[in-house]
Amino acid sequence: MKLFFEAIFKFILGVLMVVLLLFLPAETFGFWNAWLLMGLLFIPMFIAGIILMIKNPDLLRKRLDAKEKEGEQKKVIGMSAIIFILGFVLAGLDFRNGWTNIPLWVVISASVIFIISYILYAEVLRENTYLSRTIEVQENQKVIDTGLYGIVRHPMYFATTLLFLSFPIILGSWISFAIFCLFPFLLIKRIKNEEEVLEKGLEGYKEYKQKVKYRMIPFIW
């Protein structure tokens with residue numbers, strides 16, 4: 001029950017934060033792009049939370065714990081929060097003032113990419129039950145090298161990048177998109193630090209790096 005109430009509280013808090021960051025700058029609830037994003041984001045999140053609560057509460061507990069122990073990762077989390085706040089606020093202001101305009105077909109395409117990314121994210125969670133939101137080596141943790149992990153070493157970050165870059169396009173703001181384009185650079189910093197931690201503490205990770213060459217994007221990086 002404690003886990004259930006913690007999950008519900010954080011879910012409601014997340015919804016309220018997004019509502020304030022988007023609709024307050026827009027000064028209207030007629031910001032239809034914001035409603036679209038919230039539907040795409042929070043409905044699957046709610047369903048996934050229920051499934052995890054029933055089938056894998058330990059994984060849900062790990063996903064709810066966002067207290068980083070690594071100093072470098074704390075900086076990354078802080079910068080990510082700034083990007084999110086600034087990007088969402090600018091999207092609301094953009095809608096109110098009509099600074100930029102993204103065609104409807106592009107918004108729809110971004111929504112499709114968002115859904116595909118969510119499916120990839122769900123598959124990663126299914127494959128790797130060690131996925132916490134913090135950088136750490138867990139007790140009895142093993143290297144996962146099957147499925148998406150046989151293609152790239154960090155498929156979750158690939159899915160997350162697609163998700164986050166589709167946010168501002170769904171919101172209809174090129175200005176917001178420019179801000180969110182900073183996010184992949186933060187992920188690069190996070191990944192490099194994470195691999196240092198895993199190499200030191202996770203048996204077999206160095207061999208895994210030799211087997212799977214690419215971190216996030218096949219044949220590129």
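In the stretch 139-158, is there at least one residue being in contact (Cβ under 8 Å) with a residue 40 or more places away in the chain, assigned to a helix (DSSP H, G or I) and in contact with a His (Cβ under 9 Å, 6 or more places away or on another chain)?
no
Of all residues being polar (S, T, N, Q), assigned to a helix (DSSP H, G or I) and in contact (Cβ under 8 Å) with a residue 60 or more places away in the chain in the stretch 165-221, which is surrounded by the fewest Cβ atoms within 10 Å (Cβ to Cβ)? Just the residue, please. It would help to see each step written out before you state the result.
Narrowing the stretch 165-221 to residues polar (S, T, N, Q): 166, 173, 176, 193, 210.
Still in the running and assigned to a helix (DSSP H, G or I): 166, 176, 193, 210.
With in contact (Cβ under 8 Å) with a residue 60 or more places away in the chain added as a condition, the list becomes 176, 193.
Details: Ser176: 27, Asn193: 17.
Once the filter is applied, the top-ranked residue is Asn193.
Which residues, taken from the stretch 29-40, are assigned to a helix (DSSP H, G or I) and without any contact (Cβ under 8 Å) to a residue 60 or more places away in the chain?
Selection gives Trp32, Trp35, Met38, Gly39.
To keep it simple, each residue is scored yes or no on (1) out of contact with any Pro (no Cβ under 8 Å at 6 or more places or on another chain); (2) modelled with pLDDT under 85; (3) of a type outside the set (Gly, Ala, Ser).
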{"residue": "Val143", "(1), (2), (3)": "yes, yes, yes"}
{"residue": "Ile151", "(1), (2), (3)": "no, no, yes"}
{"residue": "Ser166", "(1), (2), (3)": "yes, no, no"}
{"residue": "Phe177", "(1), (2), (3)": "no, no, yes"}
{"residue": "Phe185", "(1), (2), (3)": "yes, no, yes"}
{"residue": "Asn193", "(1), (2), (3)": "yes, yes, yes"}
{"residue": "Lys211", "(1), (2), (3)": "yes, no, yes"}
{"residue": "Tyr214", "(1), (2), (3)": "yes, no, yes"}
{"residue": "Phe219", "(1), (2), (3)": "yes, yes, yes"}
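For the stretch 1-28, which residues satisfy the criterion of being part of a loop (DSSP other than H, G, I, E, B) and in contact with a helix residue (DSSP H, G or I) (Cβ under 6 Å, 6 or more places away or on another chain)? If you could, list the steps in order and put the result at the bottom.
As a first pass, look at the stretch 1-28 and keep what is part of a loop (DSSP other than H, G, I, E, B): 1, 27-28.
Answer for the stretch 1-28, where residues must be part of a loop (DSSP other than H, G, I, E, B) and in contact with a helix residue (DSSP H, G or I) (Cβ under 6 Å, 6 or more places away or on another chain): just Glu27.
Just checking, how many residues over the stretch 11-28 are touching a residue at least 24 places away in the same chain (Cβ under 8 Å) and either of a type in the set (A, V, I, L, M) or farther than 25 Å from Ala122 by Cβ (or both)?
Quick first cut of the stretch 11-28, residues touching a residue at least 24 places away in the same chain (Cβ under 8 Å) only: 11, 14-15, 18, 21-28.
Subset that is either of a type in the set (A, V, I, L, M) or farther than 25 Å from Ala122 by Cβ (or both): 15, 18, 21-28.
Here the count works out to 10.
Please tell me if Met45 is in a helix (DSSP H, G or I) and modelled with pLDDT of 85 or more. Working first, answer last.
Numbers: in a helix (DSSP H, G or I): yes; modelled with pLDDT of 85 or more: yes.
Against the criterion (in a helix (DSSP H, G or I) and modelled with pLDDT of 85 or more), Met45 qualifies.
The values are calculated or read from the model by the stated rules, or taken from the named source; none is laboratory data. A quick note: this is a predicted structure, and the numbers were derived from the prediction, not measured. Every residue, glycine as well, gets a Cβ built from its backbone with ideal geometry; the counts of neighbours run over all protein chains shown.
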